[in-house]
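Colleague: Before we start, here is the structure in question, set down as structure tokens.
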Amino acid sequence: MNQAIHRLRRFLCTFSGEDDYIIRRCETRIQVSFALIGLFVIIIFIGCWKSADLFMDNLFENSKWMSAFVGIIWALLVTNLYLLLLYTISPAILPVSSKKRKKRIISVTEIEKKNETGFIVSFSLRIFLLILLAIIIVQPINVLLFLSNPRNYAEAIRQLLYNSNESSVAWFVTAAACFVFLLPVYWKYSIRKNTSFYKMKKIIENRFVQENYLNFKEEYAAIFKIKFEEYNTKTWNNLMPLLNKLQKANPEKYALILEEIKSEMEVEPVLKYEYWADPPFRTQLKELNTNISSEKDFLKHIYS
């Protein structure tokens, strides 16, 4: 029984909009919160599909296939938009740089503290958009619950909400739909504020970026090594006939030139130049602390 509940919880977490790989490494309380978010996302998908299906069925006069198709497309669209809005509640994880001319590191803590007023306004607009979506989506369901065979959906909704005995119940259903849309937002915000989920996510994502960047640098150096070896092989093949002639004509000169060619063709590792002080996040420029007082020092600094 516990195993079945665990599998169900993991299944629901995949619809929460967060990385299931990280969720599985969190405590049970956090997993349950994300599972509830996933459950409500599924409920929202079903409600959006049923709402669009009812509306299109009335619009196209009992065209079941068309209604079902449009309903699924609409449900996918709204659900993806909903998941995107949920994802925007997540705090910044990776370091980012200032967009001003003077580059500097902005820590995650600074990002959360900066422009708090702007965040509140942005968050309020997102909440308003979710409420608006919920009100629009629930009205065909209200019509299904309280009216039979309406000819004009817009007029039926207006009468149902303002000029009928069921208006109070219809508004209650509308409020319940808004509650369903907003409750996952509350859970997501609570996870952000009161749990260690995003601290763990920050560690995992930073390690993922760093490890992949190190692999990239190794592949970068390996590609140049292969290309240099191919170039050296081709150059040796072109020079050998000439060197053989030189060996017969002047052995001493041949030995001297051969050593020079060998030294020139030694394959040295090519390392990726780091323009930034904190690769791969690229948030802080390197500071030039070298004292360059002459042309010789300048050339030495460039070709070091």
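Colleague: Please compare each pair in 225/272; 225/262; 225/286 to a cut-off of 19 Å on the Cα-Cα distance and tell me which ones are over it.
Modeller: Beyond 19 Å between Cα atoms: 225/286.
Colleague: Same structure, new question: So, for the chain, what is the accessible surface per residue at a probe of 1.4 Å, expressed in square angstrom?
Modeller: Numbers: 21000 Å² over 304 residues.
Counting only protein heavy atoms, the per-residue value for the chain is 69 Å².
Colleague: Over all directions, what mean area does the Cα convex hull of region 15-94 project, stated in square nanometres? Write out the running numbers ahead of the final one.
Modeller: Values: hull surface 24.4 nm².
Computing the convex hull of the Cα atoms and averaging its projections yields 6.1 nm².
Colleague: For region 203-261, compute Rh as the Kirkwood radius over C-alpha pairs and then the Stokes-Einstein diffusion coefficient at 25 °C and 0.890 mPa s; write the answer in µm²/s, rounded to an integer.
Modeller: Result for D is 168 µm²/s.
Colleague: Given the DSSP H assignment, sum -39500 (n - 2.57) over each helix run of at least 4 residues in the chain and divide by its residue total; what's the result at 222 nm in deg cm²/dmol, nearest 500?
Modeller: Value at 222 nm, helices only: -25000 deg cm²/dmol.
Colleague: Starting from the Cα gyration tensor of region 259-300, take the square roots of the eigenvalues, sort them a ≥ b ≥ c, and report rounded, prolate or oblate (rounded when a/c is under 1.5, otherwise prolate if a/b is larger than b/c, else oblate).
Modeller: In terms of gyration-tensor shape, oblate.
Colleague: Taking amide H positions as placed in the peptide plane 1.01 Å from N, state which residues far from residue 285 in sequence (5 or more) or on other chains have amide H under 5 Å from it.
Modeller: Amide H neighbours of residue 285, under 5 Å, 5+ apart: 277.
Colleague: In whole angstrom, how far apart do the alpha carbon centroids of region 134-190 and region 192-245 sit?
Modeller: Here the answer is 57 Å between Cα centres.
Colleague: Determine the share of the chain's accessible area contributed by carbon and sulfur atoms, expressed in whole percent, with a 1.4 angstrom probe. The partial results should precede the final answer.
Modeller: Details: 12840 of 21000 Å².
Heavy-atom surface of the chain belonging to carbon and sulfur, 1.4 Å probe: 61 percent.
Colleague: The list [x] 1.18; [y] 1.69; [z] 1.00 gives values of Cα Rg over 2.2 N^0.38 Å, and only one came from this structure; which label was calculated from it?
Modeller: Among [x] 1.18; [y] 1.69; [z] 1.00, the one derived from this structure is [y].
Colleague: Taking 2.2 N^0.38 Å as the expected size of a compact globular protein, what ratio does the Cα radius of gyration of region 117-267 give against it, to two decimals?
Modeller: 2.54
Colleague: Under 1.5 on a/c is rounded, so check that first for region 163-247, then, if it is not, pick prolate when a/b is larger than b/c and oblate when it is not; a ≥ b ≥ c are the square roots of the alpha carbon gyration tensor eigenvalues.
Modeller: Oblate shape, in that a/c is at least 1.5 and b/c is the bigger or equal ratio.
Colleague: Moving to a separate point now. Name the GluC sites (Glu not before Pro) in region 218-277 that are in a loop by DSSP and that have at most 13 other C-beta atoms within 10 Å, would you?
Modeller: Filter output for region 218-277: 266, 274.
Colleague: To continue, here is another question. When only DSSP loop residues count, what chymotrypsin sites (Phe, Trp or Tyr not before Pro) in region 196-304 have their Cβ near at most 11 other Cβ atoms within 10 Å?
Modeller: 273, 275, 303
The values are calculated or read from the model by the stated rules, or taken from the named source; none is laboratory data. Every value quoted in this text rests on a predicted model; they were computed, and no experiment measured them. A quick note on method: Cβ atoms are made from the backbone with ideal geometry, for glycine too, and the neighbour counts reach across all protein chains shown. To get the accessible areas, we keep the full protein, side chains included, count just its heavy atoms, and leave off ligands, DNA and RNA. Shrake-Rupley method; radii C 1.70, N 1.55, O 1.52, S 1.80 Å.
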